[in-house]
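Undergrad: Quick one: structure below, then a few questions.
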Amino acid sequence: MERITRYNAKDCTIMIGGVYITGVGEDMITWAKEESFFEPVVGAQGDIIKSEINNNIHTLTLSVQPTSPQLGYLLSLEGRKDNFPVWCINKELGLRHGGEQGAIQEAPEISQGAEAEDLEFTIMVFDGVTEAI
C-alpha cells in the first residue's frame with residue numbers, strides 16, 4: 001500500500017527574533033545553502049581530493065503580504081547591527097531550519113499598483129542548519 005503524506009502550508013511556523021510571522025505571501029519561504037558541502041579536485045593521475053567547505057551560511061527568502069501584522073516589525077529589523085534568531089518549523093513534514101544568527105541582507109521591493117503585491121525579505125542566516133525533527 002502506498003503511503004500518502006499530507007501537506008498544508010498552515011503547518012509551517014516562522015519565528016524571527018522571537019516573533020511569529022503571519023500574513024505570509026503566496027511563495028511563503030525558500031531556504032538555500034550558499035555553498036556546496038565540498039569541492040572535488042582531481043589530479044592528473046585520477047587521485048581525488050574532497051575539500052570540505054565549512055560555510056554554514058544559508059539564505060531565507062520570506063514573502064509577506066503588505067497587510068501582514070508583522071510588516072512593521074520586519075522593516076524595523078533592516079540595518080540592525082545585532083543579529084536575531086530565525087526559525088521555520090513544519091512538524092507535519094518533520095523539518096526545522098534556521099539559526100540563531102540572522103540578519104536582513106536585502107530590503108523588499110515595494111510596489112503599489114492595481115493589486116497588492118507580496119514583499120520579499122532576504123535574510124542571511126550565518127549559522128544555518130536544516131534538521132529532521
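Undergrad: Only residues that are within 30 Å of GLY113 (Cα to Cα) and among the hydrophobic types (A, V, I, L, M, F, W, C): list them for region 66-96, please.
TA: Going through region 66-96, the residues within 30 Å of GLY113 (Cα to Cα) turn out to be 66-80.
Result: LEU71, LEU74, LEU75, LEU77.
Undergrad: I'm checking my understanding of the structure. Among residues of region 80-89 that are modelled with pLDDT of 95 or more and either basic (Lys, Arg) or touching a strand residue (DSSP E or B) at 6+ places or on another chain (Cβ under 8 Å) (or both), which one is nearest to ASP11 (Cα to Cα)?
TA: Out of the qualifying residues, it is ILE89.
Undergrad: Let me ask something else about it. Applying the selection to region 61-104, what residues are among the aliphatic types (A, V, I, L, M), free of Cβ contacts under 8 Å to residues at least 40 places away in the same chain and farther than 15 Å from TRP31 by Cβ?
TA: LEU75, ALA103, ILE104
Undergrad: Continuing with this model, one more query. Looking only at region 90-131, filter to residues that are at pLDDT below 95 and small (Gly, Ala, Ser); which one of those is surrounded by the most Cβ atoms within 10 Å (Cβ to Cβ)?
TA: This residue is ALA107.
Undergrad: Condition first: outside any loop (DSSP other than H, G, I, E, B) and acidic (Asp, Glu). Now tell me which residues in region 53-104 satisfy that.
TA: Residues of region 53-104 that are outside any loop (DSSP other than H, G, I, E, B), as a first pass: 58-64, 71-77, 84-90, 95-104.
Answer for region 53-104, where residues must be outside any loop (DSSP other than H, G, I, E, B) and acidic (Asp, Glu): just GLU100.
Residue-by-condition table, conditions (1) charged (D, E, K, R); (2) more than 29 Å from ARG6 (Cα to Cα):
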position	(1), (2)
TRP87	no, no
LEU93	no, no
GLN101	no, yes
SER111	no, yes
ASP118	yes, no
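Undergrad: Given (1) modelled with pLDDT of 95 or more; (2) more than 23 Å from LEU93 (Cβ to Cβ); (3) exposed (fewer than 13 other Cβ atoms within 10 Å of the Cβ); (4) not hydrophobic (A, V, I, L, M, F, W, C), where does GLU52 come up short, assuming only one miss?
TA: It is condition (1) that GLU52 fails.
Undergrad: Would you point out which residue out of TYR20, TYR73 is out of contact with any Pro (no Cβ under 6 Å at 6 or more places or on another chain), modelled with pLDDT of 95 or more, closer than 16 Å to ILE123 by Cβ and loosely packed, with under 13 Cβ neighbours inside 10 Å? Don't jump to the end; show me each part of the working.
TA: Working: TYR73 fails: loosely packed, with under 13 Cβ neighbours inside 10 Å.
Only one candidate qualifies: TYR20.
Undergrad: Considering each residue of region 105-133, count those that are within 22 Å of GLY72 (Cα to Cα), touching a strand residue (DSSP E or B) at 6+ places or on another chain (Cβ under 9 Å) and part of a strand (DSSP E or B), and give that number.
TA: Of the residues in that region, 9 qualify.
The values are calculated or read from the model by the stated rules, or taken from the named source; none is laboratory data. Model, not experiment: these values are computed from the prediction. Methodologically, a virtual Cβ is constructed for each residue, glycine included, from the backbone with ideal geometry; neighbour enumeration extends over all protein chains shown.
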